[in-house]
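Asks: Below you'll find the structure I mean.
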Amino acid sequence: MVINAAALETVYAISNVDEMISPSMVVFKDVMLRNLDMMVRIAGDASRLRPHCKTHKMAAVTEIELSKGVVKHKAATFAECEMLAMAGVKDILLSYNLVGPNIRRAVAFKQAFPNVKFMATADHIPAIKQLGEAMTAAGLKMELLLDINPGFNRTGISPTNPHAMDTYRALVETPGVWAGGMHIYDANNYQFDLEERTAGVHATWNAAKGLQEKFETRGWPVPRIVCGGTGSFPVYAAINDPVLELSPGTTVFHDYSYAEMFPDMHFEPAVAVLTRVISHPLPDRVTFDAGHKSITPDLPMGNRLAFPDMPDAKQVLQNEEHLGIETSHAAKLSPGDHRLAFPRHVCTTTSLHDWAYVVDGGHMVGRWTISSRTREITI
Ligand SMILES: Cc1ncc(COP(=O)(O)O)c(C=O)c1O
């Protein structure tokens, strides 16, 4: 859902904005809570969810998710896993293939958090064997999910590739690990058109089910298939299958690009960057303090953020601490004026900030630490 002028003055109003420094990340807590409630409603049951924490990276958000019955979580880094475990999560999927020093980190994580069910993804037999050996040497055993490539071509093995059978066999037979099922991240199924998206997700799911059948025929159990992200989430959620786990990530903050890409979804952007005008170098141009050290530059120039109250705002320059905007509204803006810039990619914006302001009921009430933006906490 994109933001209109009325929402800016109500939902996103902040009564004590003068107390807030800029540039700064702001979480609108009531919006975030609505997103989380909608996520649980779409899933039908919180126990079907395994949300990805890379979007928020915060213990405070994790604790709220736990209070809503969301007990299974997903992460992409060891720091995120550690943040989740320290926040009280007992079931963590590190959806990342373990290689190099991450193998000993997996052992260290299991030793540090013996009461946490900890699993990872895998798609490469030598790495599976290396992990198995490290676990065995430590007297441990770890669950691994076969990473499936659904056509996104980032990681994993295509379900039609015969190597999928050999790799799953390695998960079943290698000492020190066991086969926990499959993992699929299908951002290739994020089509704008819902019918096309639905057809894409169903094709991916049917291929995974075909593979499950082949594995089970050989006596290899497939207890879980972890699927999707925000774009494919509602389509997977409509499938009734006990092995299916749903892993949206961005939904919690639902960034501006997803609001534009998925008009069929009713999540609302819950994060903005508070920014102030610092200069007015040309009649139609203003410079804000939102450079690419506060709003991610990982999208093309001109497309990194939205000012909902200045729809014609053209992003013409972004340096480390400067954001140049051309707009017909320039004359109404003076140095010191503040605006909310909505990042089009929120996950990589979160990772630029040590903490975020929390706005609740129209008032800034405190800060949340973004503890897993770092690469290493202790492990
Ligand atoms: C492996 C994996 N799972 C889930 C997600 C969540 O996807 P989204 O951000 O579209 O909700 C991501 C996003 O990058 C991902 O990489």
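The values are calculated or read from the model by the stated rules, or taken from the named source; none is laboratory data. All values reported here derive from a predicted model rather than from experimental measurement. Please note: Cβ atoms are built from the backbone with ideal geometry, for glycine as well, and neighbour counts cover all protein chains shown.
Asks: Restricting attention to segment 45-55, does a residue exist that is on the phi > 0 side of the Ramachandran plot and not charged (D, E, K, R)? Before you say what the answer is, go through the steps one by one.
Replies: First pass over segment 45-55, keeping only residues on the phi > 0 side of the Ramachandran plot: none.
Within segment 45-55, not a single residue is on the phi > 0 side of the Ramachandran plot and not charged (D, E, K, R).
Asks: Taking Ala108 and the conditions (1) under 26 Å from Ser257 (Cβ atoms); (2) out of contact with any strand residue (DSSP E or B) (no Cβ under 6 Å at 6 or more places or on another chain); (3) more than 16 Å from the ligand (Cβ to nearest atom), which numbered condition does it fall short on, given that it satisfies the others?
Replies: (1)
Asks: May I ask you to list the residues in segment 321-379 that are away from the ligand (no atom under 16 Å from the Cβ) and among the small types (Gly, Ala, Ser)?
Replies: Residues satisfying the conditions are Gly324, Ser328, Ala330, Ala331, Ser334, Gly336, Ala341, Ala356, Gly361, Gly362, Gly366, Ser371.
Asks: A follow-up question, please. I'm told Val359 meets every condition in (1) over 22 Å from the mean Cα position of the chain (by Cα); (2) farther than 19 Å from Ser257 by Cα; (3) aliphatic (A, V, I, L, M) except one. Can you identify the failing condition by its number?
Replies: (1)
Asks: Now for a separate question. Using the structure shown, decide if Pro297 is assigned by TED's automatic domain parsing to the domain that holds Arg339, free of Cβ contacts under 8 Å to residues at least 40 places away in the same chain and not polar (S, T, N, Q).
Replies: Working: assigned by TED's automatic domain parsing to the domain that holds Arg339: yes; free of Cβ contacts under 8 Å to residues at least 40 places away in the same chain: yes; not polar (S, T, N, Q): yes.
The answer is yes for Pro297.
Asks: In addition: Test each condition in (1) more than 16 Å from the ligand (Cβ to nearest atom); (2) closer than 16 Å to Asn97 by Cβ for Met182 and report the one that comes out false.
Replies: Checking Met182 against (1) more than 16 Å from the ligand (Cβ to nearest atom); (2) closer than 16 Å to Asn97 by Cβ, the one that fails is (1).
Asks: Now for a different question. Scan Glu65, Glu19, Glu9 and give me the residue that is over 22 Å from Leu352 (Cα atoms) and not assigned by TED's automatic domain parsing to the domain that holds Met119.
Replies: Glu9
Asks: On to the next question. Only one of these is crowded, with 17+ Cβ neighbours inside 10 Å, within 25 Å of Asn188 (Cα to Cα) and more than 20 Å from the chain's Cα centre (by Cα): Val222, Val277, Val235. Name it.
Replies: Val222
Asks: Now for a different question. Looking only at segment 12-36, count how many residues are out of contact with any strand residue (DSSP E or B) (no Cβ under 7 Å at 6 or more places or on another chain) and surrounded by 11 or more Cβ atoms within 10 Å (Cβ to Cβ).
Replies: Total satisfying the criteria: 7.
Asks: Hey, another quick one. Return the residue satisfying two criteria in turn: it lies in segment 175-186 and is surrounded by fewer than 22 Cβ atoms within 10 Å (Cβ to Cβ) and part of a loop (DSSP other than H, G, I, E, B), and of such residues it is farthest from the chain's Cα centre (by Cα).
Replies: Going through segment 175-186, the residues surrounded by fewer than 22 Cβ atoms within 10 Å (Cβ to Cβ) turn out to be 175-176, 178.
With the extra rule that they be part of a loop (DSSP other than H, G, I, E, B), the set shrinks to 175-176.
Details: Pro175: 32, Gly176: 30 Å.
So, considering only residues that are surrounded by fewer than 22 Cβ atoms within 10 Å (Cβ to Cβ) and part of a loop (DSSP other than H, G, I, E, B), the one farthest from the chain's Cα centre (by Cα) is Pro175.
Asks: Here's another thing I want to ask about it. Out of curiosity, is Ala270 of a type in the set (A, V, I, L, M) and at pLDDT below 95? Show your work before the answer.
Replies: On the way: of a type in the set (A, V, I, L, M): yes; at pLDDT below 95: no.
It is false that Ala270 is of a type in the set (A, V, I, L, M) and at pLDDT below 95.
Asks: A further question on this structure: Looking for something part of a loop (DSSP other than H, G, I, E, B), modelled with pLDDT under 95 and charged (D, E, K, R) - is there at least one such residue anywhere in segment 254-267?
Replies: Yes, some residue in segment 254-267 is part of a loop (DSSP other than H, G, I, E, B), modelled with pLDDT under 95 and charged (D, E, K, R).
Asks: Output yes when any residue across segment 47-54 is under 19 Å from the mean Cα position of the chain (by Cα) and more than 16 Å from the ligand (Cβ to nearest atom), and no when none is.
Replies: Step one: list which residues in segment 47-54 are under 19 Å from the mean Cα position of the chain (by Cα), which gives 47-54.
Okay, now just the ones that are also more than 16 Å from the ligand (Cβ to nearest atom), so 47.
The answer is yes, given that some residue of segment 47-54 is under 19 Å from the mean Cα position of the chain (by Cα) and more than 16 Å from the ligand (Cβ to nearest atom).
Asks: Further question on the same structure: State whether the residues of segment 223-238 include one that is within 13 Å of the ligand (Cβ to nearest atom) and polar (S, T, N, Q).
Replies: Yes, segment 223-238 contains at least one residue that is within 13 Å of the ligand (Cβ to nearest atom) and polar (S, T, N, Q).
So that you can scan it fast, the table gives a plain yes or no per residue for (1) part of a helix (DSSP H, G or I); (2) within 13 Å of the ligand (Cβ to nearest atom):
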| position | (1), (2) |
| --- | --- |
| Thr198 | yes, no |
| Ala207 | yes, no |
| Glu213 | yes, no |
| Glu216 | yes, no |
| Gly219 | no, no |
| Asn240 | no, no |
| Glu245 | no, yes |
| Val273 | no, no |
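Asks: Restrict the check to segment 226-248 and report whether at least one residue is over 30 Å from Leu33 (Cβ atoms), outside the structural domain of Asn303 (by TED's automatic domain parsing) and of a type outside the set (A, V, I, L, M, F, W, C). Before you say what the answer is, go through the steps one by one.
Replies: To start, the set of residues in segment 226-248 that are over 30 Å from Leu33 (Cβ atoms) comprises none.
No, that holds for no residue.
Asks: Take the residues in segment 247-262 that are near the ligand (Cβ under 9 Å from one of its atoms), within 21 Å of Glu195 (Cα to Cα) and among the polar types (S, T, N, Q), then tell me which one is surrounded by the most Cβ atoms within 10 Å (Cβ to Cβ).
Replies: Top of the filtered list is Thr251.
Asks: On the given criteria, is Ala290 closer than 25 Å to Gln191 by Cα, of a type in the set (Gly, Ala, Ser) and crowded, with 21+ Cβ neighbours inside 10 Å? Give the steps one after another, and end with the answer.
Replies: On the way: closer than 25 Å to Gln191 by Cα: no; of a type in the set (Gly, Ala, Ser): yes; crowded, with 21+ Cβ neighbours inside 10 Å: yes.
Judged against the criteria, Ala290 is not a match.
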